[in-house]
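The values are calculated or read from the model by the stated rules, or taken from the named source; none is laboratory data. Just so we're clear, the structure is a prediction, and the values are computed from it rather than from any experiment. All Cβ positions, glycine included, derive from the backbone under ideal geometry; neighbour counts span all protein chains shown. Calculation scope for accessible area: heavy atoms of the full protein, side chains included, ligands and nucleic acids excluded. Shrake-Rupley method; radii C 1.70, N 1.55, O 1.52, S 1.80 Å.
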2 protein chains.
Amino acid sequence: MHAELDKLRRDLLEQSVTLAHGNGGRLTRELVDGIFAFHLRGDTSVDAAPLKPVDGELVMTTDGFIVEPLEFPGGSIGSLAVNGTVNDLAVMGARPLYLTLNAFIEEGLEVRLLDRLIADAAQAAGAAGAAVIAGDTKVLRQGEGSGLYLGMAGVGVRRPSLRLGLEHIRAGDRVLVSGTVGDHGAAVLLARQDFGLAGHLRSDCASVLEVAMALLGIRGLRFMRDPTRGGLATVAHDILRGTGCGVQLYEAGIPVSEAARGICEMLGFDPLILPSEGRLIAVVAADTAASALMAMRRHGCPDAAIVGTVTSDPYVALKTELGERLIEELEHDPLPRIC
Amino acid sequence: MHAELDKLRRDLLEQSVTLAHGNGGRLTRELVDGIFAFHLRGDTSVDAAPLKPVDGELVMTTDGFIVEPLEFPGGSIGSLAVNGTVNDLAVMGARPLYLTLNAFIEEGLEVRLLDRLIADAAQAAGAAGAAVIAGDTKVLRQGEGSGLYLGMAGVGVRRPSLRLGLEHIRAGDRVLVSGTVGDHGAAVLLARQDFGLAGHLRSDCASVLEVAMALLGIRGLRFMRDPTRGGLATVAHDILRGTGCGVQLYEAGIPVSEAARGICEMLGFDPLILPSEGRLIAVVAADTAASALMAMRRHGCPDAAIVGTVTSDPYVALKTELGERLIEELEHDPLPRIC
């Protein structure tokens with residue numbers, strides 16, 4: 001059986017994906033067995049998988065991923081999809097248990113590349129302690145995709161009595177971020193050949209599970225969110241819309257890597273709207289904000305910072321050396337296919 | 001609030017989807033609020049949703065949907081995605097509780113069409129008693145999609161002691177199908193302008209939940225599966241590969257609608273490999289096969305039939321008036337974007 005799988009994989013890795021890999025017959029099965037099940041160790045003979053009984057409250061999430069290029073410094077669509085789903089659960093206070101993966105593969109994608117991407121997904125799932133228990137593959141006609149789109153869903157478990165959510169936020173609370181913002185967005189923009197730039201910037205693509213679990217021990221933790229699409233500015237607007245309370249961000253306190261700042265200046269982007277894929281934003285009561293910051297720094301986030309205050313003003317503002325400027329909700333700037 | 005939503009929807013329904021609808025800012029929120037949350041009644045302010053405690057075993061599934069055209073006689077990608085996910089759970093013996101939806105929308109799709117498709121999804125979810133509790137939208141650049149791709153995941157609940165699966169199948173068991181096979185595949189092929197045909201064939205796209213739940217009461221029920229991609233022939237091959245036991249199908253007993261048979265003859269397709277999206281295949285012990293057939297007919301499946309026997313031969317065969325012919329596993333015939 002092992003030798004058979006080896007041979008199947010050797011053959012597959014020399015191929016490109018064809019429409020016949022999507023017809024549900026032998027080639028579909030071989031692609032699933034040789035690539036997806038090989039890395040993800042899933043049982044591919046069933047359409048659905050049972051969940052073990054757990055002690056706690058289950059939460060469920062879903063997210064879609066469309067990034068170009070499929071591999072970028074610091075990650076790939078595979079690690080991005082798993083970490084993105086893990087992080088959606090983590091900011092709800094949940095530890096991920098089960099993931100499912102939907103792959104929309106464009107005809108012509110090299111199987112060798114697909115193999116690396118799915119290996120990345122498997123590695124990220126393993127690191128988060130989550131099992132990929134069901135999956136599906138569909139093949140898109142050449143020209144009707146862009147290599148690979150991934151849809152993920154996740155189920156995690158959390159303490160039932162958890163008081164976490166926008167509704168717990170109060171004016172005076174502090175806003176913390178676990179590290180530099182916008183590295184993922186800047187790294188992906190840079191990795192596109194279009195710009196003809198080269199640099200050492202890496203995506204921050206990573207799990208925030210450890211730091212999120214650590215923050216659950218902080219009394220006064222109100223709300224967590226990962227600043228992905230739309231960045232920190234969009235999370236601030238989510239808070240405004242969900243609570244009626246504004247956010248004042250302190251420009252000087254917001255950690256931005258030098259490399260990301262350079263890219264943003266060159267390309268005319270604002271790091272506050274660029275996605276991060278391994279950062280966490282926490283809103284914490286003022287009197288425990290310092291403890292939360294310490295917890296973040298102790299749990300893998302040396303650049304964590306207090307970056308703002310929840311206000312009773314109905315707007316999002318950035319406090320700069322020169323005064324205060326309003327930050328509007330993100331409008332028409334399209335940053336397509338970054339996360 | 002109601003008047004505001006009305007106005008938002010009126011404005012949206014005159015638009016096409018743009019890249020800015022995917023940037024995570026105001027337009028993303030309006031598209032989610034005005035279309036997705038409007039129909040699906042989901043809470044769009046959170047990344048993940050809690051599941052209520054249940055009595056039973058939870059099972060989880062996922063599936064991707066890429067059908068062209070997006071609307072076809074008898075259904076649309078919206079009803080197809082929900083019914084497909086519901087059916088994956090139903091054949092595991094589970095009643096669907098929660099669904100999540102990932103929409104990959106191509107720039108340029110008319111919002112009015114998107115609205116109809118999501119309304120179809122909501123209607124199908126409601127009919128199955130399932131709640132869509134989380135979703136995500138991404139916008140694909142024009143030319144890098146085909147209107148709309150949907151990724152769904154589902155969680156359902158079943159009796160923990162259920163003995164259902166390929167491993168329970170024995171030689172001598174009977175194979176039943178709940179209705180005519182291949183109607184979905186034939187209807188979608190027909191709906192494509194490419195063929196220049198017209199007809200009254202409708203997709204069988206529907207939930208099999210009721211009949212699946214009824215069959216759970218039949219002693220001797222071994223296994224259920226919905227014959228989607230790859231059709232009845234592929235399910236027979238799944239049985240062969242999973243059990244070592246072959247399947248002998250009786251050609252005369254397999255229900256095929258006259259319209260589907262006509263399309264197949266004209267276009268050179270075999271109805272045994274065409275997908276159905278509202279049919280169920282059951283393997284049942286010989287001595288309870290008649291009861292199972294009665295149960296199917298009583299629960300909305302007047303055309304249900306016993307179509308084959310599990311054998312100790314290591315192949316799938318079709319018994320015809322002239323003798324027996326082997327049915328090979330589906331190979332290179334691509335039937336792209338049907339389900």
Subject >> Every pair of residues 6+ apart whose Cβ atoms lie under 6 Å, when the first sits in region B:1-28 and is under 16 Å from A:GLU331 (Cβ atoms) and facing chain A (nearest Cβ under 7 Å) while the second is open to solvent by less than 70 Å² (accessible area, probe 1.4 Å) and part of a helix (DSSP H, G or I) >> reply: B:ALA20/B:LEU27; B:GLY24/A:THR234
Subject >> Pairs where the first residue, in region A:132-161, is more than 8 Å from chain B (Cβ to nearest Cβ) and free of Cβ contacts under 8 Å to residues at least 60 places away in the same chain and the second is assigned to a strand (DSSP E or B) and open to solvent by 10 Å² or more (accessible area, probe 1.4 Å), C-beta under 7 Å, 6+ apart >> reply: A:GLN142/A:GLU106
Original post:
What helices (runs of 4 or more DSSP H) lie completely within region B:1-107 and have 3 or more residues being at pLDDT 95 or above?
Top reply: B:2-12, B:77-90
Subject >> Selection status of B:LEU267, away from chain A (no Cβ under 14 Å) and crowded, with 17+ Cβ neighbours inside 10 Å >> reply: no
**OP:** Having 1 or more residues that are surrounded by 17 or more Cβ atoms within 10 Å (Cβ to Cβ) is the bar; report the strands (runs of 3 or more DSSP E) wholly within region B:282-328 that clear it.
**Re:** B:305-311, B:316-320
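Conditions tested, residue by residue: (1) touching a helix residue (DSSP H, G or I) at 6+ places or on another chain (Cβ under 8 Å); (2) in a loop (DSSP other than H, G, I, E, B); (3) of a type outside the set (Lys, Arg).
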position	(1), (2), (3)
A:MET152	yes, no, yes
A:LEU164	no, yes, yes
A:GLU210	no, no, yes
A:ALA236	no, no, yes
Original post:
Given the residues B:LEU190, B:LEU166, which is the only one that is aliphatic (A, V, I, L, M), open to solvent by less than 30 Å² (accessible area, probe 1.4 Å) and within 14 Å of chain A (Cβ to nearest Cβ)?
Top reply: B:LEU166
**OP:** Please go through region A:161-189 and pick out each residue that is hydroxyl-bearing (Ser, Thr, Tyr) and in contact with a Ser or Thr (Cβ under 7 Å, 6 or more places away or on another chain).
**Re:** A:THR180
Original post:
Does region B:288-311 contain any residue that is closer than 12 Å to B:TYR250 by Cα and small (Gly, Ala, Ser)?
Top reply: yes
Original post:
Here are some residues: A:GLY230, A:GLY242, A:GLY220. Which one is within 14 Å of chain B (Cβ to nearest Cβ) and on the phi > 0 side of the Ramachandran plot?
Top reply: A:GLY230
Subject >> From the options B:HIS332, B:HIS237, residue that is open to solvent by 50 Å² or more (accessible area, probe 1.4 Å), within 14 Å of chain A (Cβ to nearest Cβ) and out of contact with any Cys (no Cβ under 9 Å at 6 or more places or on another chain) >> reply: B:HIS332
Original post:
Within region A:51-90, how many residues are within 12 Å of chain B (Cβ to nearest Cβ) and of a type outside the set (A, V, I, L, M, F, W, C)?
Top reply: 14
